[in-house]
Structure formats: C-alpha cells, structure tokens
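Enquirer: Handing you a structure now.
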C-alpha cells in the first residue's frame, strides 16, 4: 500500500504477543505482562521516549497436540498471527517504532506481515542461538519455534506458509541469521545450498559484534529496505541470562549482544523490533526482567541518540545552505551554526530517515 509513513523517532509502540504456543513448555506467554510489571514503559520514558502501550494479544499456551504431532498447536498459532498482524500494521502506520514483546519466536511472522502492509521490500535480521530451519518432516518434537525461518522463507508447515498469501514473507538473500551456533543435521544440510545470509557465533566473536552487525545490515540491503529485527534472548550466554527455556554455555556475552543490538537498532530503516524467549516462570525474583529491560533501554537510548544526531546534522546543513544563499544575494544574516562533525556516521544509520554443532533440544 502506498502510504507515506512519517517516522516519529521518539515514539515507541509496545505490543504484547502473549504466547508460548510454538514452544515446548508454557510460561513465556507471561513475558509481556512480566516486563510491563517490571517497569519497561517507565524505563523507556525515562530514556526520553513517548511510550504508547497497545496491549496484548489473547493468551496462547503451549499444550500437547496429538492431532498435529509434527506441527504442534498450529491452529492456536494461526489465531495468534491473525490477531497480532493488524496490531503491528497500526503500530507501523503510527510512525513510532513497534516493540513487540513476545513469548516465543513465531510472532515474527505477524510482525513481518504487518510491516509489509506498508513496505514492499522488508528484510530480516534474526538474532537467535538456533537457525530455526527445521520443517515438520525433520523434527520429532513438532516444535514450531524450531521452524520459524522455514516459515518465513516459505518452506515450513503448509498452514503457516499460507498465512502470507504470496510466500515467501522474506526472500532468502534478505534474511540474516546472526549469532547462531546450534544446528540440527537437516538444517546444516539445507544451509549448504541456501542463499540465506549467515553470521554464526564464531564469526561474530572473531570480527567483533558491532562489525558483524554492520556487515549483516549491508548484506540484507538494510540501507535501502525496511527491516525487522528479531532478538531471542537465548542468544545470550546462559551464565549471564538463564531465564529462558534453553539456556546454555557459550553464546554471545551480554556486552556482545548489546553491541550488536545498538548497531541494528540505530538504523533509520528499522521498521519493527521483536524481543522473544524470556520465561518469567524461570525468574521468580524478577532479576531476568530487570536485566532485559536495562538491555533494551540501553539499546533504544542509543537509537534515539544516533537518530537525533543525524537529524541535527541535516538541520545544520540546511541552515548553513540557507545562510550561504542569503550571503550570496547580499542579504545580511546572522552566522549559522555548522553541523557537528561528531554526528556524521559511516554506517547505514546516516541514510535518509523516511518511510520510503550439537543437535538442539529446541529444534529436534
């Protein structure tokens, strides 16, 4: 749809996807409310944002599903996606940044679909310890959370592939898997011939998280396309963030995750930011909620700082041009301030800000 989206960089729209239906255990459906109760909105307001809370979807809980052993809870997941998608559309149209707090990863299908209501070309940065490339034929558990990227690229459970009328939701070359280190053999085999952009854990720690993030953005054309950022908290080392269904040793440190997220979130073409995988049932004292809120506040504060700097630089340049034109015409004018060179960026954040390997228990 040809609708001009006027971005409001200080506005955040909170959405809750109250679901664990795609996961192997319940609990994460409570994530949106747990993060609200822990003060995420107040923390973001303190960081300088205007926060608009658009509430939660209905609640969808992980259950045994003998009728769909290879794609469990698929009917509940479809209901979730069809409920969340129009909420994302409204949030995107508002010009604020939709921040979707989701219990599981499958919500990204609705997030992408809602974004595509207004943007033809949408890329995906997928930050997750798992590649999520299984399909019903390759998984014994039937856990749809382990098939999310397969659904995005049009090769997963048929019911979910058809959720988007003209699959794929995102072309494979426009999807970047970032930080993954757990691959099942069928996933590894698929990747051998796939054009999916891949930035595994070892690459990220070798070249440093921020540099790897900039490379991922370049490879999915994020300077030219709108993109969705999906972040599963199980990407963080389990010693630093154990409040998720499958914490494990290894993985990126909290600082490395923060560095990468700051690069991704600072891009003007970021259309939506989804955070998934936190399970409040594993966090009785609320320490995990506070850790996650502080991480998100730091990342989004960096976004505000970068985008405000870019806007100020453009305004300064325009004022300088006006002053030069006035001087050339003989008009007396006060000296105009020059743009601050410290605000110039050598990455896609400087683009125009406008709307145009072990088998994984999680996947197996």
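Where a number appears in this text, it was derived from the coordinates with a stated rule and is not lab data. Owing to the predicted nature of the structure, the values given are computational and were not obtained by experimental measurement. Every residue, glycine among them, receives a Cβ derived from its backbone with ideal geometry; neighbour counts consider all protein chains shown.
Enquirer: On a full-extension model of 0.36 nm per residue, what is the gain between residue 33 and residue 294, subtracting their alpha-carbon distance, rounded to one decimal in nm?
Expert: 92.3 nm
Enquirer: Residue 203 to residue 75: extension gain in nm, 0.36 nm per residue of separation minus the Cα-Cα distance?
Expert: Using 0.36 nm per residue and subtracting the Cα-Cα distance, I get 42.3 nm.
Enquirer: Considering Cα pairs under 8 angstrom that are at least six residues apart, work out the relative contact order of the range 1-84 and quote it in whole percent.
Expert: With pairs under 8 Å counted, the relative contact order is 38 percent.
Enquirer: Provide the FRET efficiency to the nearest 0.05 for the residue 45-residue 253 pair, computing r from the beta carbons and using R0 = 30 Å.
Expert: Working from the Cβ atoms, E equals 0.60.
Enquirer: Can you compute the FRET efficiency between residue 240 and residue 308 using 1/(1 + (r/R0)^6), with r the Cβ-Cβ distance and R0 = 41 Å? Round to the nearest 0.05.
Expert: E between residue 240 and residue 308, to the nearest 0.05, is 0.85.
Enquirer: Report relative contact order for the range 58-203 in percent, whole number only (criteria: Cα-Cα under 8 Å, sequence separation at least 6).
Expert: Relative contact order comes out at 22 percent.
Enquirer: Sticking with this structure for a sec: Got the relative contact order for the range 11-350 handy, in percent, Cα pairs under 8 Å and 6 or more residues apart?
Expert: 18 percent
Enquirer: What's the center-to-center distance, using Cα atoms, between the range 154-233 and the range 1-79 in Å?
Expert: Centre-to-centre distance over Cα atoms comes out at 21 Å.
Enquirer: Sorted from fewest to most neighbouring beta carbons within 10 Å, what does the list 219, 129 look like?
Expert: 219, 129
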